[in-house]
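To start, the structure itself, in structure tokens.
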Amino acid sequence: MKPFRDKRRDSRSHQLAKGGAEQAQRGTGTAPGNRTEPKTAPRVLSRRDGALPAEHLPLILEVAPNADYALLDSGAGQKLEQYGPYRIVRPEGQAIWQKALPAKDWDRADAIFTGDTDEEGIGRWRFPKTPLGETWPMKHDGIDYLGRFTSFRHVGVFPEQASHWDHMAGLIAAAKRPVKVLNLFGYTGLASLVAARAGAEVTHVDASKKAIGWARENQEMAGLSQKPIRWIIDDAMKFAEREERRGSRYDIILFDPPAYGRGPKGEVWQLFEDLPDLTDLCSSILTPKPLAVVLTAYSIRASFFAIHALMRDTFAGMGGTVESGELIIREKSAGRALSTSLFSRWVA
């Protein structure tokens, strides 16, 4: 529904990495294979005329503990989470406070991620009680999917994104017309499944063949195989450029690019250098009556004001509102808020 971090999202043996190698685990923006792509001229950006959209900030979107997922406790650089039947411990650099629960509660963990604790580092899982399989059944708001223990500490879902998913589903239902959704850097597909269940026609793009395979497994597991989802293995930027040339248009666009990545042919993605181009592309492939564009940014040291200003400039003259802030997860033990990512979304 990541992730930047993980995204979301194993899934991201390839290409544009979220933080280098990590993108090999979470969906990426780099195209697979060795085919040569025609070189395209640099995109020429110019400031748009027209009034800036209205703004709503800061907007803090919160996910509270529920039957499917809960942040049980956090502190001392770690977080204790409940994913379905399993209690999991993972590193969390932002948890600079102290743990609220006693050690005995943390010691009951079914799985602990060990090894490199850097956001992009590779490590391994330790199972204190009994060895667990690679995957296990999970659920989000009635949608079944597979959790997976990856070597990049992620488990295939970013529960903080649920706020965006609910918002998107509401827009689709309220439109009362056919809606087309584009999910770039789609990872394991929870956002795509939510959109398809709500009635949208979805195009899901990720450069990782493994991530796409996982997402299609999730579609079957959710019983949504008959829903219209196109699964595309491709570079997000190149796909958007081709859609612009083809005249393809979308009502809602979600994109969750990495902070940094390097592709198999030496392609380099730098968020602050390349994000303006991708944001401009997204604005150019919207339908005449679009609904929303949602940008999420993980694992970057920046203020949401930077991407907020970019989004307002990009959508100048188009009306609507740009809402920006942070995605947070509310802790169950002491009620503290763990910030996971920045976001900015334009709503028509």
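What follows is calculated from the coordinates using simple rules that are stated; it is not laboratory data. Small disclaimer: the values here were computed from a predicted structure and weren't measured. Counting neighbours? That spans all protein chains shown, and the Cβs are built from the backbone with ideal geometry, glycine included.
Viscosity 1.306 mPa s, temperature 10 °C: what is the translational diffusion coefficient of the range 69-148 from Stokes-Einstein with a Kirkwood Rh over Cα pairs, rounded to a whole number of µm²/s?
Numbers: Rh = 13.4 Å.
Calculated translational D: 118 µm²/s.
Which of the residue pairs LYS176/LYS289; LYS129/LYS332; LYS79/LYS99 have a Cα-Cα distance greater than 18 Å in the structure shown?
Values: LYS176/LYS289 13 Å; LYS129/LYS332 23 Å; LYS79/LYS99 9 Å.
Listed pairs above 18 Å: LYS129/LYS332.
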Charge dipole of the range 214-335 about the Cα centre (unit charges at C-beta), most positive-ward option of SER248, PHE304, LEU327: SER248
Distribution of pairwise C-alpha distances over the range 217-348, 10 Å bins, in %: 11, 35, 34, 19, 2, 0
Residues with amide H under 5 Å from that of TRP97, placed H, sequence gap 5 or more: ALA76, GLY77
